[in-house]
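All remarks here apply to the structure that follows.
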Amino acid sequence: MAIEAGEQDDLVELTTQIVTAFAAGNHLPAAELPGLIRGVHASLQGLTSKNAQPAEQQRVLTSAEIWRSIQPNGLISFEDDKAYKTLRRHLARLGLTPEAYRAKWGLPVDYPMTASAYSAQRSQLARDLGLGRSRSAAPEAPSSAAGDGSTDRDNPSADAEQSVTQDSIPDPEQEDIADAFEEEITREPFDEDGVEP
């Protein structure tokens, strides 16, 4: 199919701009300039041609296909139809982010990237290791008074835990205790501090 005269003028103008910009930023021998012009013009003609092949159409997924892809032990990838515990690493190998994958396949924003069984397994492992709990809420170790013969001197962490209790921290609302506490932690600068007295 022939390109109209107006479109041909636009192609010539675009070709001129592209070749000019390329030649301004790159060293180009004069003998290669006609080949570059022909190549750019042919590429632009191919892009505007009515006979150009349409881009590969992504199939539209039904909601049933989307929900079938979510299984407890794995998520089915729409890229290769294989099951994965987590899709993130698989998508990274393909050069996709989770957001791009969701957009490409028309998936909902809350489409999971990790299988529910795998997520529950990792969550249980974290709970078993005590992750997510503050140290004060962690279960206490068995007392040494159980008659095993060990003393608190054998366990230095027990001394540290016993020395810091709510009773040993002064109440800042009581002025005299607060002043005494402040005096305990204030010190005079040393010569090594680099501060002039």
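Just so it is clear, none of the values below were taken in a lab; they were calculated from the coordinates. As the structure is a computational prediction, the values presented were derived from the model and not from experiment. Note: ideal-geometry Cβ built from the backbone for every residue, glycine included; neighbour counts use all protein chains shown.
Here each label is just a point 7 Å from Cα along the line to Cβ, and for Glu99 and Glu13 those points are 3.6 nm apart.
Taken one residue at a time, the phi angles of segment 94-103 give Karplus couplings (6.51, -1.76, 1.60, θ = phi - 60°) of 8, x, 10, 9, x, 5, 5, 4, 4, 5 Hz. Gly and Pro are set to x. Stretched out straight at 0.36 nm per residue, the stretch from Ser63 to Asp110 would grow longer than its current Cα-Cα span by 15.6 nm. Rounded to whole numbers, the Karplus 3J(HN,Hα) couplings from phi for segment 35-41 are x, 5, 4, 4, x, 5, 4 Hz, using 6.51 cos²θ - 1.76 cosθ + 1.60 with θ = phi - 60°, and x at Gly and Pro.
Taking θ as phi - 60° and the Karplus parameters 6.51, -1.76 and 1.60, the scalar couplings of segment 12-21 work out to 5, 5, 5, 4, 4, 5, 5, 5, 4, 5 Hz in sequence order, x denoting glycine and proline.
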